[in-house]
Every structure is written in structure tokens, then in C-alpha cells.
Amino acid sequence: MADRVTVIGWDGSPLTAAARAALGAATLVAGAAHHLALTEVPRTAERIRLGSVALAARRIAAHRGTAVVLADGDPGFFGVVRTLRAPEFGLEVEVVPAVSSVAAAFARAGMPWDDAQVVVAHRRTLRRAVNVCRAHTKVAVLTSPGAGPAELGLLLDGIHRTFVICEELGTGREQVTVVTSDKAADHTWRDPNVVIVIGGPAGPAGAGDGWIAGRDPGAGPRGWTLPAEAYEGRLGEGETETLRAAQLARLGPRVGDLVWDIGCGSGAFATEAARAGAAVIAVDRDPGACARTEAAARRFGVQLQIVHGTAPHVLENLPEPDVVRVGGGGAAVVSAVADRRPQRIVSHAATRDEAELVGRDLTEHGYDVECALLQSVELDTRAWTEKERSVAFLLSGVLPDRMS
């Protein structure tokens, strides 16, 4: 095992005395090509070109001597430190950090970033990174080949955002470009780069108080679901607070998800899914419902994409969902949604016959189906008399091969 492993961050500025001393004593140095070309790297040291960090870690673990790993920015922030410290390698590391590429990008843009979401986009995570950009007003995306500014712009089709693209930060070829998201695919961008994605309505009052980094979980009213008064009393028959709470519990929308809300009505469910951090596309054939949903989103400071049209035809060109609420359209719409294979689907029915029809269709599409009869009775607590009663069959379907 290596006697000592030092991980040195590099942001293009001269190395610190501690970093130079560690490099001078190194018998093995791992890093990218531009790191290994630094004049401070000893000529006699064994050199490892970093591709797979895990493979490099195995070689370092087997090395008898002093090892140094060079990495861009802060190696403890989406960097190599996590892999090197994995129990399978048994390495104890000392870290000499530098300014992270995300911090450098926001500095070049002259913007604060404690309220930003930070995501990494690889080919396998690109869709989820795009969903975060849909749902939040300020996002930094650490890109990779095949998941860069052009791909982000293409997948944000229909959503207007401003991109601040920072290429090769800390090098002599550093360049900062500001473009709209629809123009990002018109250019070829150099790696590595960081994309700051900005746009959408401002958050609710108090969101900038600065007590926690990223999205403030305390912004807006408390609760998964809100009473009818929060939506100006315009809730439809299938939008009761009890039913919405049960639907949210079964779908579990979260950051990185894309939620479809079909038949959005007042916008209550769409708004509450967005408050959970998910990206949401709200669909309704009624222009009034679309206007109410837009007003609700604006009132609570969340971002929604609102699509006016009739399901299932309007769904054909929408991006792939993770979870879906079908608030209107019945079995025909549920069937069209199931064809797109989201992880989870919820719907409701007013009668048992309708519920059985929807349930059979979900089962035929390979979903595990549950159905519950929800009955809620609202009481006037001044006289403890019944004010309102609602009954609905709640159906939920989960794909067994997509349980996460």
C-alpha cells in the first residue's frame, strides 16, 4: 500500500507550497494529461494517466512509495476523493483543495451561488440533470462528453433558459459565453465546461434569506398538500386534499423526476409536486384550467411547463415521465400513459366499474396494481356536524422492473 496519498486540486493558478512539497516527494503521480505536463511533476516518478479513477486507485494501493493524485478544482466536490476513500482500496488521503470549477464559473459570471442546485451530467444522468434545470431557477451543470451544453439545450425544448457556458476554466483557453438554451446546439463546445442554467420565475418571499445552500426547504407554506383556500377555492371534484395527499404519497415525486399531471384542473397537484423539487408538465384541454395552474405556480414560486391540449394525443411529443397522475381522461388516457412506461401511475375513479376498467388496463401493461376506496368526511368543529363528504377509488400502478 502507498505510504501516503495526497490529492491536489488545481484551478490553473500556481501551486501552493504544500502542493509543491507533496509533488516533489512523489514516487507516483496520477492525473490528466495537462496535470502530468506540469513542471513540478518529478521526472523520476511513475505516471498514471487518469481514465478510470477506480483502476488508478488499485494501482496506487499496490504502490510502495508516496503517491500524488492531481485533479481539477476541488477534488472533494464531485471529484476523485470519494472514490479514493472507498473501503475496497484502504487508502487514507490528504487533500490540498483548489477553487472548485462551479465556484469559478459563478465568479466569472459575477453571481452568488449558495442558492444554486449543482448536478453532474453524464449520458446516463443527463435526463435527470435536465429535469433539475426544468424545476429550478439556478442550476450549475458539470458536463461530460455527450452530455454537454448542446444536449442540455436540445432536451430543454420548449423551456426558455439562459446558459452561461464556461469552457476550460483556469487555462489559457478559458472562455465564457452567454446564449439562450435554444441556441446552445448551434455551437461546438470544448470540454471540460460548466453550464450555469438560469431562468423561470423568482422564488417565494424569503427564499433568499441564505440559511441553507441550494433549494430552501422552508420556502412557502408548510405541508404536502394545501387546503382549497390556497387555490382560491377552485378545486375540482378529483382534487380534494385527502386524495391529493394519497396520490403524492404513492408517486413520491423528487428532485430529478419529471412528473406529468394530466387534467391539472386548479393546478393544485402540479404545484405540490413541484414544491417537492420535481419538474412538472401540467396538461389540460381547458384554457381556464391552464390559466389557473399558471397562477398557482406563480403564487407559490414554482416552475411548471403548462401544455394546453387534449390527452392522449397531446402527450405524444412530451419528454419521458418518471411518474404520472391522470386526473382526467379515464382508461383511454391511462392506457396511453402506460405505453410510455413511467415508474408509477396514479388515477382515480368515481365508481367501482370505472376503477376495474383502469385497473385491468394497468395490469395488462405489466403494472402491479393497488386500489383503495378513499372516503373523507369534513366536520364543522363548532358543532361537530358533517360539512362535506367525498368518495373516490384511488388506483396506483408500479412497474416491477422500475421500482426505484
Handout entry: Single condition Leu304 does not satisfy, out of (1) more than 16 Å from the chain's Cα centre (by Cα); (2) among the aliphatic types (A, V, I, L, M); (3) open to solvent by 30 Å² or more (accessible area, probe 1.4 Å)
Key = (1)
Exercise for the section: Would you check if there is a residue in region 131-147 being small (Gly, Ala, Ser), assigned to a helix (DSSP H, G or I), touching a residue at least 60 places away in the same chain (Cβ under 8 Å) and over 23 Å from Asp11 (Cα atoms)? Expected result: yes
Completion exercise
In region 209-239, residues that are under 19 Å from Glu294 (Cβ atoms), open to solvent by less than 90 Å² (accessible area, probe 1.4 Å) and acidic (Asp, Glu) total 1
Handout entry: Count of residues meeting criterion [under 20 Å from Leu152 (Cβ atoms) and either open to solvent by 70 Å² or more (accessible area, probe 1.4 Å) or assigned to a loop (DSSP other than H, G, I, E, B) (or both)] in region 102-114
Key = 3
Practice task
Go through the residues of region 380-388 one by one and say whether even a single one is touching a residue at least 60 places away in the same chain (Cβ under 8 Å) and in contact with an Asp or Glu (Cβ under 6 Å, 6 or more places away or on another chain).
Solution key: no
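Anything in region 307-331 that is of a type outside the set (A, V, I, L, M), under 27 Å from Leu126 (Cβ atoms), over 22 Å from the mean Cα position of the chain (by Cα) and open to solvent by less than 30 Å² (accessible area, probe 1.4 Å)? List them, or say none.
First, pick out the residues of region 307-331 that are of a type outside the set (A, V, I, L, M): 308-310, 312-313, 316-317, 319-322, 325, 327-330.
Keeping just the survivors that are under 27 Å from Leu126 (Cβ atoms) gives 309, 312, 316-317, 319-322, 325.
Filter once more, keeping what is over 22 Å from the mean Cα position of the chain (by Cα): 309, 312, 316.
Matches in region 307-331: Gly309 only.
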Exercise for the section: Give the residues of region 132-155 that are surrounded by fewer than 21 Cβ atoms within 10 Å (Cβ to Cβ), over 22 Å from Ile281 (Cβ atoms) and modelled with pLDDT of 95 or more, sorted by residue number. Expected result: Ala150
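Could you please give the count of residues in region 240-285 that are β-branched (Val, Ile, Thr), under 12 Å from Leu226 (Cα atoms) and without any contact (Cβ under 8 Å) to a residue 60 or more places away in the chain?
Residues of region 240-285 that are β-branched (Val, Ile, Thr), as a first pass: 240, 242, 255, 259, 262, 271, 280-281, 283.
Going one step further and asking which of them are under 12 Å from Leu226 (Cα atoms), we end up with 240, 242, 271.
Those left that are additionally without any contact (Cβ under 8 Å) to a residue 60 or more places away in the chain: 271.
The total comes to 1.
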Handout entry: Boolean, Ala184 is part of a helix (DSSP H, G or I), open to solvent by less than 60 Å² (accessible area, probe 1.4 Å) and of a type in the set (A, V, I, L, M, F, W, C)
Key = yes
Exercise for the section: Go through region 371-390 and give me each residue that's acidic (Asp, Glu) and out of contact with any Leu (no Cβ under 7 Å at 6 or more places or on another chain). Expected result: Glu378, Asp380, Glu388
Completion exercise
Sole miss for Arg127 among (1) of a type outside the set (A, V, I, L, M); (2) under 29 Å from Ala19 (Cβ atoms); (3) assigned to a helix (DSSP H, G or I); (4) in contact with a helix residue (DSSP H, G or I) (Cβ under 8 Å, 6 or more places away or on another chain) is condition (2)
Problem - Matching option when the condition is farther than 22 Å from Gly73 by Cβ and of a type in the set (A, V, I, L, M, F, W, C), among Leu142, Leu169, Leu155 - result: Leu155
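Starting from residues that are small (Gly, Ala, Ser) and modelled with pLDDT under 95, keep the ones in region 161-181 and report whichever is least open to solvent (accessible area, probe 1.4 Å). Spell out the reasoning first.
Going through region 161-181, the residues small (Gly, Ala, Ser) turn out to be 170, 172, 181.
After this cut, where a residue has to be modelled with pLDDT under 95 as well, the list is 170, 172.
On the way: Gly170: 19, Gly172: 89 Å².
Among those that are small (Gly, Ala, Ser) and modelled with pLDDT under 95, it is Gly170.
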Exercise for the section: Taking Gly265 as the residue in question, decide whether it is closer than 25 Å to Asp286 by Cα, open to solvent by 10 Å² or more (accessible area, probe 1.4 Å) and not charged (D, E, K, R). Expected result: yes
Practice task
Quickly run through region 313-331 and pick out the residues that are in contact with an Asp or Glu (Cβ under 9 Å, 6 or more places away or on another chain) and farther than 25 Å from Val132 by Cβ.
Solution key: Gly328, Gly330, Ala331
Handout entry: Per-region count, region 358-393, residues open to solvent by less than 90 Å² (accessible area, probe 1.4 Å) and under 23 Å from Val324 (Cα atoms)
Key = 17
Handout entry: Where Ala86 falls short, out of the listed (1) farther than 30 Å from Val164 by Cα; (2) part of a helix (DSSP H, G or I)
Key = (2)
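The values are calculated or read from the model by the stated rules, or taken from the named source; none is laboratory data. Owing to the predicted nature of the structure, the values given are computational and were not obtained by experimental measurement. Don't worry about glycine lacking a Cβ; one is built from the backbone with ideal geometry, like all the others, and counts go over all protein chains shown. For accessibility, only protein heavy atoms count, side chains too; no ligands or nucleic acids. Shrake-Rupley method; radii C 1.70, N 1.55, O 1.52, S 1.80 Å.
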